[in-house]
Amino acid sequence: MTARRRDDRLRVAAVSYLNARPLYEGLDREPASRRICLDCASPSEVARGVAEDEVDVALMPVAAAASLGELRMVRGCAVGARGAVRSVMIVGERPIDSLDELAVDLSSRTSIVLARLVLRARSGGREPRLFGSTPLEGIASVAGGRGALIIGDPALEIEGRFAHCLDLGLAWLELTGLPFVFAAWCGRDGALTVEDERLLQNARVEGLERRDAIANAHAARTGLPAESLRSYLRDAVRYDLGDEERRGLQRFYDDSASAGLLPRADVRFFDDRPAKVVQGASLDSLLARASAGERLNAAEGERLVAEASLFDLGLAADAVRRRKHPHDVVTYIVDRNVNYTNVCTTSCRFCAFYRPLGHPEAWVLSREQLAQKLGEVVDAGGVQILLQGGLHPELRIEWYEDLFRWIKHEFRLGLHALSPEEILHIGRLEGLGVRAVLERLHAAGLDSVPGGGAEILVDRVRRKIAKAKCTSDEWLGVMRVAHHMGLRSSATMMYGTVDTPRDRIGHIMKIRDLQDETRGFTAFFCWDFQHERGTRIEPGDGGTVLYLRQQAVARILLDNVDHVGASWVTQGPEVGQVALRFGADDFGSVMFEENVVSSAGTTFCMNAEAMERRIRAAGFKAARRNVRYDWLTPPA
Amino acid sequence: MTLDAIQDKLRARERLSFDDGLALFRHPDVVAVGQLANEARERMHGDRTYFNRNMRIEVTNVCVASCLFCSFAKLEEDAPGAHTMRLEEAWRELEVRMDDPPAEIHIVNGLHPGLPFSYYEELLAGFKRIKPDIHMKCFTAVEIHFFATHYGMTYGKVLERLRRAGLDSLPGGGAEIFHPEVRTRIAHDKATADEYLEVHRVAHAMGMRTNSTMLYGHIETFEHRVDHLMRLRGLQDETGGMQAFIPLAFHPDGNGMKNLPAPTAVDALRTVAVSRLLLDNVPHVKAYWVSMTPEVAQIALRFGADDLDGTIVHETIYRAAGSRSPSGLTVDHLVRLIQEAGRTPIERDTFYNVIREYPRAALPEGAVKVRDRKASKHLEVLS
C-alpha cells in the first residue's frame, strides 16, 4: 500500500478486480483526484491498509471487514449479486453436494466462508475437506470427489466446462431469499465526511454508465469474450447497498458467526443516525463471549485493551486456557538456545547482540564449541535446540545443511532452527525461493521453524525499528510455506517500541488469519522490548502489568492457536510464573544460555526443578514437552 | 467457605474470619483472590499509590540472636564480615546526600551486645543535627525489646529516651511469624510475639506510629499466616497505631534455611491480597519491592497493595539473602512503576501526608502510553 497522507486528500483503496471497477472508475482522474488519492491492490493489501490506518476508506471484502470489526459502510455502493453472479463458482465432475474435497483460492475469504455456509446448509452440516491452491491448480485438480471453488476471471473462463457447477450468488438467494454483498466501501467511524460519501456515490453512478467500456477494455486485455463481460457487469453483478442488501449481509454475518467462521459483526452505515446504531456490546458481554470461546474481531480486541481491567483480562484468558487445556497442566521444554553467530547485516535498532562482519567481537561457533553445548543439552535430558544466528553474509546453504546433518547424526536432537528472516536471507544469498531453501534444510534435518523476528507485523513499525528486515508479508509468507510443507512453527510478538495498541492487535490478527489458513502455529509468545545500552530505540509502552494484559489479550484473540507461552526469559521467573494465571499454558524452556536478550542486560537462569516448582506453586501440574507440545513426562 | 460467600461478606463490609483467611490462602485462583483485594484497596485508596524518599541504613550486623532465616547478622564483633559503623560513618550517609536528601531514614540493626545505649541516642541526634526535619524510623520492636532487657529499662523508658534523641516512628521488622510453633524454631532467642506486640502497644500509647511485617514462605503453614494477621488485627483494634503492613518474602541464600525454596511470585501476590482483606483496620499494605522485585511489586499494586515503600538507596539485608532486586530505585523509576500499573503516584512523608501528586496514567492500567515518549520524533533524529 503506497497511499499515504501526503496532503489532505482522502486516502482510498480498492480491490483491483474487474467487477469492482465501476465503483471507483474515475476517482483517479480530475476532478475527483483533487480530493481523493486512489490506490488499487489485492484484497488482503486493501484490508491491511484499513487495519493499519494507512487508508481512510477501502472497497474491501466483507469478511475482512468483519475481522476488523466496528467499520462503517457507505450506503448505496457495493459489489454484490441477487442470484447468479457467475464469478464465484464451485465446480466438479460430481454433484456439488457430494464432493469430498474442495480446492479453494485462499485469497478470497469471503467466498470461502460463503461456500462453506452454502455447502453446510445444503447437505445438513456435511462439508468437504478444504485445501488451498492457486486457481489454475484448483481447476486442474478437479476430478472424482474433488471439486474447486473458483473466483474471478478464471470462473468466467471456465463457464460450462464442468459437468456440475454451483453459482454461489444463486445458491445464497435460494437459501435466504436475500441478495449477497461481496465487498463494500468500509472505513472507521468518522473517517468520511458527507461530501466524501457523496463523491463515492457519484463515482458509482458514473461508473455504472461506463460498464460497457470497462468490460470492453478488460476483454481486450484478457482475451475474454467482450459480450460475456458486458453482461457480467450489467446483469450478474449488482452495485446496490440498500436495506435489502443490508439484510442479506447481516444474515451472512450472523450465519458465519454462528458457524464460528467469522467474528460477530453488525452492518453499519456511515450515515446511520445514532439512534439507529446498534449499541456496542457491554464490556461484560464481550468478556463473557471471549470466555465462552467465541471469536472476537480486531475492534473488540482493541476495546478489551483499552477498557478491561487486569482481572477481567486475566480471568477471561484463564477461562480460554482452561477450555483448551482442561487438565491444568503447564508444559515446559528442556532445550537450549544456541546462537551460531552474532554476525548480522540487519542492524536492528533494538538489538544489542549483533556485530558486523569483521568486527573484533564477531564470531561463528566452531564445531567444537557446538559439540560442547549440544553435549550438555543431551546430558541434561534435552530434546532439541533452538538454533538461531544473525544474518551472516558468508555462510552458504551447504554450511547449514552440513551443520544440520552433523547435529542430527551426532546428537539426535530436535532442530527448531532459523527464523523466517534467516530463511529469506539464505534464499537471497543462494538465489533460491523460500520453498527451495526450506526443502533443502528440511531434508538436512530441520524439524520446525522458530517464530522469532516477527517483532510487530505492521510495516510502519518494522520500517522504524528494523529497516533492513523482511516485511510482514514476507515473514508470514515464510511461515505459510513452512506450514504447507508440514513444518510447525511458533509465533512471537515483541512490542514496546514505537507500536501502538492497535498495531499489537493488528499483529495478533495477522497471525490468526494465517493460522486459519494453515493451522501450523503451535504456540504464541510475546514480550516487551528489552531496552539496554547498545540498543538505539527509546522504550515505548512497557511494564509488567502491560505484559500480563498483552498476553491475556493474545490468548483471548488467538482462538485458533493451541498454546500460549509465558516468556520468563524476558520477564523474569517471577513474572513468568504469574503469567501462567493470565492465559499461558506453557512455561517455555529451561535456560542454559541465551545471548540476544542477555546482551541487552536481561539475564535469568532456571533449571527444570525450579521450573516445575514454580508451575506447581501457581496451581498447575508440570509436564515436559517436545516441540509439538506432546507430553514427554506424565503431568505431576 | 467459597469465594462468593467471602465476596458477599466484603461487599456487606463484614469482617473476615480466620477460616475466611485460610480459604483465601487455599483458593486455587490467585487472580480471583487478587480481584477481591483490589476492590478493597480501591475502596480505601482509589488509584492512589504511595512511595517516599527514604534511605536504609544498617549500622551494625553484629547480633546475639541466631535467627534461622537471617543471612545478614554476624554473631561476634570480630566474625568475618561483621561490621559496626562509627557514628560519623553513619551520619556521612546522609551528609553526602544533602543535595537531594531523603525524607526518612530507616535504620534496622543486629542486636549488638557491646554498644552503649548512648550510641543509639547519639546516632539519632546526629542525623537530626544534619537535617532537623528528617524522619527517623528506626529500631524494630525486637531491638527495642533487646535494649530494654540489655540496658535494664522498661519499653516505655527506652522509647522515651530514643524519642528525646530524635526517634519518630518504629519500622515493622522482627515480627517474622508470631505462632510459637514456628517462632521457637526460627527465632527462638529474641522477642516473643507478645513482646513484639507489647512494644508496639507501648509505642502507640505514646502516640508513636509503627508498621508491622510478616516473614512468610519458609516453614510456616497458612494457618500460621492467618494467625499472625489476626494477632496484628487484634492489636490494631486496640490501638489503631499501625500505619502499614508489609509482607516480607523469605529469601534462602546463605542462611539456616538455605535448603528451602523461596516463595514464588504467585505466593507473594496472594499474601499481599489476603493481608489486604484480613487487615481491614490497617490503612496501608506495602508491596515492598526489595522483597518482591520491582516487577512483581508492580503487579501487586493491582492485588491489594497501595504503597511501594521508597527509594531505599542501599538495602543490604535482602541482598545478603540472594535477592535480585536492585539496592535502590530512583524516584523516576518508582513513579514509572506506579504509572505503568495505571495508578496515581503519590510521594508521601512517613505519615502518609502528600508531598507531591504525580499525574495518573490514563485509562486503564498500563494499556495506554504513560510517558510522552515522542517515539516518532526521537527516531527521526536518530535516523
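Is it the case that B:E238 is modelled with pLDDT under 95 and either of a type outside the set (S, T, Y) or within 16 Å of the chain's Cα centre (by Cα) (or both)? Criteria not met by B:E238. If you filter segment B:180-199 down to residues that are in contact with a helix residue (DSSP H, G or I) (Cβ under 9 Å, 6 or more places away or on another chain) and over 19 Å from B:R225 (Cα atoms), you find that the one that is surrounded by the fewest Cβ atoms within 10 Å (Cβ to Cβ) is B:E198. Pull up segment A:198-233, narrow it to residues that are surrounded by fewer than 13 Cβ atoms within 10 Å (Cβ to Cβ) and among the basic types (K, R), then point me to the one that is nearest to A:I36 (Cα to Cα). Looking at residues that are surrounded by fewer than 13 Cβ atoms within 10 Å (Cβ to Cβ) and among the basic types (K, R), I get A:R198. Filtered by the rule that a residue be of a type in the set (D, E, K, R), within 14 Å of another protein chain (Cβ to nearest Cβ) and out of contact with any strand residue (DSSP E or B) (no Cβ under 7 Å at 6 or more places or on another chain), segment A:323-367 gives a lone residue, A:R349.
Go through (1) modelled with pLDDT of 90 or more; (2) on the phi < 0 side of the Ramachandran plot and name the single condition A:S598 misses. Result: A:S598 passes all but (1). The numbered conditions (1) closer than 20 Å to A:R188 by Cα; (2) in a loop (DSSP other than H, G, I, E, B); (3) at pLDDT 95 or above are all true for A:D53 except (3). Being outside the structural domain of A:S67 (by TED's automatic domain parsing), assigned to a loop (DSSP other than H, G, I, E, B) and surrounded by 20 or more Cβ atoms within 10 Å (Cβ to Cβ) is a description that does not apply to A:L241.
Scanning segment A:299-322 for residues that are more than 9 Å from every other protein chain (Cβ to nearest Cβ), acidic (D, E) and touching a Gly at 6+ places or on another chain (Cβ under 7 Å) yields a single hit, A:E300.
Each row is one residue, and each column tells you yes or no for (1) within 13 Å of chain B (Cβ to nearest Cβ); (2) modelled with pLDDT of 95 or more; (3) within 30 Å of A:K467 (Cβ to Cβ).
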site	(1), (2), (3)
A:R512	no, yes, yes
A:F529	yes, no, yes
A:T544	yes, no, yes
A:V553	yes, yes, yes
A:G565	no, yes, yes
A:W568	yes, no, no
A:G572	yes, no, no
A:D586	no, yes, no
A:E593	no, no, yes
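For the residues A:V461, A:V478, the requirement of being at pLDDT 95 or above and assigned to a helix (DSSP H, G or I) singles out A:V478.
Sort out which residues of segment B:241-275 are in a helix (DSSP H, G or I), within 14 Å of chain A (Cβ to nearest Cβ) and not small (G, A, S), and write them in order of number. Those that are in a helix (DSSP H, G or I), within 14 Å of chain A (Cβ to nearest Cβ) and not small (G, A, S): B:V266, B:D267, B:L269, B:R270, B:T271, B:V272.
The conditions are (1) crowded, with 20+ Cβ neighbours inside 10 Å; (2) without any contact (Cβ under 8 Å) to a residue 40 or more places away in the chain, and A:D8 fails exactly one of them. Which is it? Unmet condition: (1).
Inspect all residues belonging to segment A:533-540 and state whether any of them is touching a Lys or Arg at 6+ places or on another chain (Cβ under 8 Å) and surrounded by 24 or more Cβ atoms within 10 Å (Cβ to Cβ). There is no residue in segment A:533-540 that is touching a Lys or Arg at 6+ places or on another chain (Cβ under 8 Å) and surrounded by 24 or more Cβ atoms within 10 Å (Cβ to Cβ). Going by what's in this entry, would A:L487 be described as under 13 Å from the mean Cα position of the chain (by Cα) and modelled with pLDDT of 95 or more? No; evaluated as a whole, the condition is false for this residue.
The helices (runs of 4 or more DSSP H) falling completely within segment B:309-383 that include 3 or more residues that are more than 11 Å from chain A (Cβ to nearest Cβ), modelled with pLDDT under 85 and crowded, with 18+ Cβ neighbours inside 10 Å map to B:317-320. As for segment B:283-294, it holds at least one residue that is in contact with a Lys or Arg (Cβ under 7 Å, 6 or more places away or on another chain), free of Cβ contacts under 8 Å to residues at least 40 places away in the same chain and within 14 Å of chain A (Cβ to nearest Cβ).
Results for (1) modelled with pLDDT of 95 or more; (2) in a helix (DSSP H, G or I); (3) of a type in the set (D, E, K, R), shown as yes or no for each residue.
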| residue | (1), (2), (3) |
| --- | --- |
| A:R4 | no, no, yes |
| A:G26 | no, no, no |
| A:S33 | no, yes, no |
| A:V46 | no, yes, no |
| A:S67 | no, yes, no |
| A:C77 | yes, no, no |
| A:G80 | yes, no, no |
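Taking the criterion of being part of a helix (DSSP H, G or I) and over 21 Å from B:F139 (Cα atoms), the residues of segment B:203-227 that qualify are B:F222, B:E223, B:H224, B:R225, B:V226, B:D227.
Please indicate, with yes or no, whether at least one residue in segment A:259-271 is in contact with a strand residue (DSSP E or B) (Cβ under 8 Å, 6 or more places away or on another chain) and aromatic (F, W, Y). Working first, answer last.
Initially, segment A:259-271 is screened for residues in contact with a strand residue (DSSP E or B) (Cβ under 8 Å, 6 or more places away or on another chain), giving A:267-271.
With aromatic (F, W, Y) added as a condition, the list becomes A:269-270.
Within segment A:259-271, one or more residues are in contact with a strand residue (DSSP E or B) (Cβ under 8 Å, 6 or more places away or on another chain) and aromatic (F, W, Y).
Could you tell me whether segment B:251-269 includes any residue that is closer than 15 Å to B:Y216 by Cα, of a type in the set (A, V, I, L, M, F, W, C), touching a Leu at 6+ places or on another chain (Cβ under 9 Å) and surrounded by fewer than 24 Cβ atoms within 10 Å (Cβ to Cβ)? Yes, the conditions are met somewhere in segment B:251-269.
In segment B:80-99, how many residues are surrounded by 13 or more Cβ atoms within 10 Å (Cβ to Cβ) and in a loop (DSSP other than H, G, I, E, B)? Working first, answer last.
Going through segment B:80-99, the residues surrounded by 13 or more Cβ atoms within 10 Å (Cβ to Cβ) turn out to be B:82-85, B:87, B:90-95, B:97.
The next check asks that each one be in a loop (DSSP other than H, G, I, E, B); those that pass are B:82-83, B:85, B:97.
The total comes to 4.
The values are calculated or read from the model by the stated rules, or taken from the named source; none is laboratory data. All values derive from a computational prediction rather than experimental measurement. Counting neighbours? That spans all protein chains shown, and the Cβs are built from the backbone with ideal geometry, glycine included.
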